[in-house]
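The values are calculated or read from the model by the stated rules, or taken from the named source; none is laboratory data. Bear in mind that the values here come from a model prediction, so they are computed numbers and not experimental data. Reconstructed Cβ throughout: ideal geometry from the backbone, glycine too, with neighbour counts over all protein chains shown. Keep in mind that these areas ignore ligands, DNA and RNA; they rest on the heavy atoms of the full protein, side chains included. Shrake-Rupley method; radii C 1.70, N 1.55, O 1.52, S 1.80 Å.
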Amino acid sequence: MSTGRACLFLAVLTVALGRVICLAQTNYVIDQFDSNTTASYANQHWGTAVPAITWSTNNATTGLATNTPGSGSAKWVIPWPTTGDQVMVTHSFGANLNLTQFTSISYDILFDASTATDGYGNVGAIEIDWIPAADGWPSTPNPPLATLSFAAGNTNWMHVTVPLSAAGNSKLTAVSGIGFKLQQKRTGANLSGTTTFKLDNIILGAPGPVTILPLNPSQLWSRLEFEVDNVPAFGNPFDPASISLNAVFTLPSGKLMSVPGFWYQGYQRSVSGGNELDTVNGTPGWRLRFTPPETGDYSLGMTIGTNGQTMTTLSTTFTVPSGPAPARYGYVGISTNHQYFQTGDGRALPLTGLNLAWPSGLATYDYDTWFNSLEGAGGNFARIWMCPWSFGIEDNPGTLTNYALAPAWQLDYVLQQAEQKGIYLQFTLVYHGMFATQPDYWGGNNYWPSNPYCVTNGGPCANPDAFFTSTTAKTLFQKRLRYLVARYGYSQNLLDWEFCNEIDNDYSFLSPTDVAAWHGAMGTWFHVNDPYAHLRTTSLTSASSYPEIWNLSQMDFCSEHAYTMSGSPLGLAGDSQSFLATYRKPIMIGEFGTSWQTWNISADPYLRGFREGIWAGALGGSTGTSMAWWWQNVASDNAYPVYSALTTILGRTGWGGGSWTNITFGSGQTQFSALGQRGPRESLLYLAATGAIFPAGATNASLPPQQNQTLTMSSWPPGKYYAEWYDPATGALVGTSQATTAAGKLTLPLPNYTADLAGIIYPPPTLSSPQVTAQGGFQLQLNSETGGHYYLLRSTNLTSWVPALTVTNATGTMWLTDSVPATAPAALYRAQHAP
């Protein structure tokens, strides 16, 4: 069946940026009768002239489309009664079509020589009517199409083109079908006998070429966005079963990447009455986003389909010029140690950040402020919710495959701001309150009655659990996922897709088995359909580990939410180690607070518990800091310096890169609690004085000084080690110490402190033997702690040493070149730690 296709008429054209780079004339094919589709035509007759419609192998050729081999036509046989009559035959499109996208309708018609004639030598007149979806019954367009009469005696195929103007008629923006009306008495006398004719190639003429317009220059590892214009408005642009744009990019290496297009509406933001006001900016249309991962020549092929049929095929080429790669690039993946994240370029990505789940009334303006604060503190992570009150595109009645475009635009803005500031975002796709049915659930967050998937709102689900089991519901949700991939998947700063927030809170309404199976199915869908292979996870509460979820191969990492109501936040390190040992996957502390009910500042006025929890995530073995929940209070109470201090201390280290193991501490150290990670070049520690630990020690205005203490670590490699000690509240260096391993234990003196300490421990640096360079200097390799500051000193006699270089060893291993002439009598070197 050829219904719902369009033909390719004009091919490829490549020109400079800002011009059309691909053209294709599309004409929507209603029916070419490539196969027998006559059964889909319904008779709407008046009187007794009931037509018989059969399929004929007689085929009309056309330059507007290409018939498949064996194509035919529809044969109409109408026996007229003796009195005036008229006959209409209707054909449904299967979806709604916007006639304003077309300028004409054409068809080919062939009357048999024996067909009936009237008294004026005509074989009849055909009127074309349309079926508005709102009416469900044929009506004549306004202004009406001309009704054409055909003279007798012409036994050849006739091509007919009728102008179409649907402007000004709102009903014709959603048309579900077409009707052909043949009238017995139209030209002055009745047709006498039987009218027989064949019909073929019923085609709507498009107003112009489909065009692909690049909106910005192509650049390596940078978003390339295209606007796709003049796509016929057919059906629901959010439903790929109705209309879809699918692009395939062929990379210079030959790799193929399939990327869907998406329906877009721009907005202009402003502030009105203390709230953000988003007003429509421009006309809606199709967009395509892609991030080129290689330099060189690309080809792009795009298919536009309707109702599962290919409508248009476009192709073009473009070039990504050579140039340096960004300082960090590539999509986030799991490091080889299964503990941390890394970007596609292999660089470690330990996360520092918090939840910024939803804004106040200032919407995107809030994120301007929050992202500035987070960037200023050295942070690189934020968690964003899609929920009924913020960023939810399908979370309210009437939005099922009819996505809210203003929140989608806001999320565009937030993601693009994050890209500029080096912040990675976690998108939480489903709020657990969407399945709650109890009116008092979590203070009124029972959103099941307003969930668009609920049957009372026109959805397919009679109860909340049906969302996870219904084939229809899963298919609908995958359409939303497809839209998210199309619109946001391009971004390297999209860390992961988090399916649900704390879905185990709904297990009184849901089956855990059904929820786990759903996660597996949706995770598999992303694996197949996300061309950028973003990470996948979900989140659960701290009360349990739920192996049926975390054992799924489709969950790339675990996410625990931990709120400390009693006991030290330092216990989060134990949670991390347990998850790592059990599931061999990274573990994120996705939400953290000293209370789940409030910011709890009265119980933690000096932010000691807050700081302990942040550091417990960072050095307890999770993917980064614990991600604080009470983000508005973090801003209002200026808790960002906690992050600033942490990034000052850990930012110069190799935290998160390479293989790290949990540090074991000696017994009997009761003055403090400690945790830490031993890495390939340095070890990182955090300890808190017993009297300062939340909750008991959090409210003391002053703390006794901690003096003359030592810290012992077990199972320690032999050798000499140095330690730098910092104040976690300010990031200031407060002391140094050194010690040598004895009997597998390293015991380090601690500087005096009051609340807590952070430490960096490393062995002495080493230098390789100098080598003569081709330029006549000396080259040698420095191995040290990551980020170490060193003087390279040179001597000719082991007595007098002069500075040769001052370096920062950003990677822990670096080559140094001294330009002293190789003809010098001697060159001896040593590395000395620089302040």
Open item on the list: All but one of (1) in a loop (DSSP other than H, G, I, E, B); (2) in contact with a strand residue (DSSP E or B) (Cβ under 7 Å, 6 or more places away or on another chain); (3) not hydrophobic (A, V, I, L, M, F, W, C) hold for D604; state the number of the condition that does not hold.
Closed with: (2)
TODO: Name every residue in region 64-87 that is in contact with a Phe, Trp or Tyr (Cβ under 9 Å, 6 or more places away or on another chain) and closer than 13 Å to Q32 by Cβ, in order of residue number.
DONE: L64, A65, N67, S71, G72, S73, A74
Open item on the list: Quick test for you: out of G658, G617, G613, G609, pick the one residue that is in contact with a Lys or Arg (Cβ under 9 Å, 6 or more places away or on another chain) and either hydrophobic (A, V, I, L, M, F, W, C) or over 26 Å from A516 (Cα atoms) (or both).
Closed with: G658
Open item on the list: Need the failing condition index for G330 against (1) modelled with pLDDT of 95 or more; (2) on the phi < 0 side of the Ramachandran plot, just the number.
Closed with: (2)
TODO: Please enumerate the residues belonging to region 283-303 that are charged (D, E, K, R) and open to solvent by less than 10 Å² (accessible area, probe 1.4 Å).
DONE: R289
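I'd like to know if region 354-369 contains one or more residues that are modelled with pLDDT under 95 and not polar (S, T, N, Q). Give the steps one after another, and end with the answer.
Taking region 354-369 as the starting set, the residues that turn out to be modelled with pLDDT under 95 are 360-362.
So of that shortlist, the ones also not polar (S, T, N, Q) come out as 361-362.
Yes, the conditions are met somewhere in region 354-369.
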Open item on the list: I'd like the full set of residues that are part of a loop (DSSP other than H, G, I, E, B) and over 15 Å from the mean Cα position of the chain (by Cα), limited to region 362-393.
Closed with: L362, A363, A377, G378, G379, N380, P388, W389
- [ ] For region 393-410, state whether one or more residues are in contact with a helix residue (DSSP H, G or I) (Cβ under 8 Å, 6 or more places away or on another chain), open to solvent by less than 30 Å² (accessible area, probe 1.4 Å) and under 28 Å from G617 (Cβ atoms).
- [x] no
Open item on the list: Looking at the structure I just gave you, is S715 over 28 Å from G376 (Cα atoms), in a loop (DSSP other than H, G, I, E, B) and more than 39 Å from the chain's Cα centre (by Cα)?
Closed with: yes
Open item on the list: If I ask for residues that are more than 42 Å from the chain's Cα centre (by Cα) and in a strand (DSSP E or B), which ones from region 741-767 would you list?
Closed with: A742, K745, L746, T747, L748, P749, Y753, T766, L767
TODO: Could you please find all residues in region 649-680 being polar (S, T, N, Q), in contact with a strand residue (DSSP E or B) (Cβ under 8 Å, 6 or more places away or on another chain) and not in a strand (DSSP E or B)?
DONE: T653, T664, Q669, Q671
Task: Residues (out of contact with any strand residue (DSSP E or B) (no Cβ under 6 Å at 6 or more places or on another chain) and either surrounded by 15 or more Cβ atoms within 10 Å (Cβ to Cβ) or within 29 Å of T100 (Cα to Cα) (or both)) located in region 44-58 - done: W55
Open item on the list: Just the residues that are part of a strand (DSSP E or B) and open to solvent by less than 40 Å² (accessible area, probe 1.4 Å), please, taken from region 723-740.
Closed with: A723, E724, W725, Y726, G735, S737, A739
Task: Residue check, E276 open to solvent by 40 Å² or more (accessible area, probe 1.4 Å) and either of a type in the set (D, E) or part of a loop (DSSP other than H, G, I, E, B) (or both) - done: no
Open item on the list: Looking at region 628-642, I want the residues that are open to solvent by 20 Å² or more (accessible area, probe 1.4 Å) and have a partner that is of a type in the set (A, V, I, L, M, F, W, C) with Cβ atoms under 6 Å, at least 6 apart or on another chain. Which pairs are those?
Closed with: W630/W599; N633/W599
Task: Subset tally (residues that are surrounded by 14 or more Cβ atoms within 10 Å (Cβ to Cβ), part of a loop (DSSP other than H, G, I, E, B) and over 25 Å from the mean Cα position of the chain (by Cα)) for region 304-353 - done: 2
- [ ] Quick one: which helices (runs of 4 or more DSSP H) lie wholly within region 478-588 and hold at least 3 residues that are more than 22 Å from H338 (Cα to Cα) and modelled with pLDDT of 95 or more?
- [x] 512-529
Task: Selection status of T428, of a type in the set (S, T, Y), under 22 Å from the mean Cα position of the chain (by Cα), within 18 Å of D514 (Cα to Cα) and modelled with pLDDT of 95 or more - done: no
Task: Hits in region 768-784 (condition: out of contact with any Ser or Thr (no Cβ under 7 Å at 6 or more places or on another chain), modelled with pLDDT under 90 and either farther than 17 Å from V820 by Cα or assigned to a loop (DSSP other than H, G, I, E, B) (or both)) - done: S768, S769, P770, A774, Q775, G776
